[in-house]
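The values are calculated or read from the model by the stated rules, or taken from the named source; none is laboratory data. Remember, predicted model here, so these are calculated numbers, not experimental data. So basically every Cβ, Gly included, is an ideal-geometry build from the backbone, and we count neighbours across all protein chains shown. When the accessible area is computed, the model is the full protein with side chains, heavy atoms only, and any ligands, DNA or RNA have been set aside. Shrake-Rupley method; radii C 1.70, N 1.55, O 1.52, S 1.80 Å.
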Amino acid sequence: MNERISRFNRILKIREDSRKNEQAILALERNEEMQVLRRLSELEGEKTQAIQDFGNNTRVMSSTELWFQRQFIDAIDSDILRGKDSLQNVRNRISKTEERLVERHKDVRIMETYIDHMKEASFQEQLGIEQNELDDVATTRFSRVKSNRGF
């Protein structure tokens with residue numbers, strides 16, 4: 001029984017390692033999400049500033065300057081769209097990783113429960129063996145005392 005418990009403990013260790021790997025992946029993905037959010041925030045600030053600069057400009061500008069400023073704002077808009085796509089991609093990966101992590105956690109809990117049941121069964125079996133040995137000793141002593149008294 002102890003060999004089986006040891007074997008299942010090794011399997012449990014492998015599943016716990018798998019769960020730790022998923023947790024590490026999730027942490028990396030959440031970090032990436034925060035970086036993308038930070039970059040999107042910066043881009044939104046740049047866009048707001050560019051629009052304010054474009055609207056508050058009181059000097060006379062050529063059509064080429066107007067076109068370049070508009071192109072700059074459009075470039076920021078396209079960066080924001082790419083950032084939002086990237087954010088959606090990261091969030092999808094996070095969702096899938098969370099699902100895998102939940103499955104890994106369930107696997108670990110199932111294995112822990114099974115090992116606990118095996119340990120309890122082993123303990124009960126050991127108690128039964130000890131009780132049988134005590135009963136044998138008691139029966140032997142009783143038999144000796146009984147035979148010595150002549151019953």
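Counting only heavy atoms of protein chains, what accessible area per residue, in Å², does the chain have with a probe of 1.4 Å?
That works out to 76 Å² per residue.
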Take the Cα pairs of the chain, get the Kirkwood Rh, then feed it into Stokes-Einstein at 4 °C and 1.567 mPa s and tell me D in µm²/s.
58 µm²/s
Efficiency by 1/(1 + (r/R0)^6): what FRET value for residue 84 and residue 4, r their Cβ-Cβ distance, R0 = 41 Å, to the nearest 0.05?
0.20
Relative to the longest principal Cα axis of the chain, at what angle does helix 63-149 sit, 0 to 90 degrees, rounded to 10?
0 degrees
Where Rh denotes the Kirkwood radius from the mean inverse Cα pair distance, what is Rg over Rh for the range 1-71?
1.61
Arrange the peptides 76-82, 61-67 so that the one whose residues have, on average, the most other Cβ atoms within 10 Å appears first.
76-82, 61-67
I need the Debye-formula profile for the range 76-135: one equal scatterer per C-alpha, no solvent, reported as log10 I(q)/I(0) at q = 0.21 1/Å, two decimals.
-0.84
Between the Cα axis of helix 2-56 and the main Cα principal axis of the chain, the angle (0 to 90°, nearest 10) is 10 degrees
Within-11-Å neighbourhood charge of residue 32 [Cβ basis; K, R +1; D, E -1]
+3
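Taking only C-alpha pairs under 8 Å that are 6+ residues apart, what is the relative contact order of the chain in percent?
RCO, the chain: 45 percent.
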At a probe size of 1.4 Å, how large is the accessible area of residue 140, to the nearest 10 Å²?
60 Å²
Counting lysine pairs in the chain that sit 8 or more positions apart or on different chains, with Cα atoms under 20 Å apart, gives 8
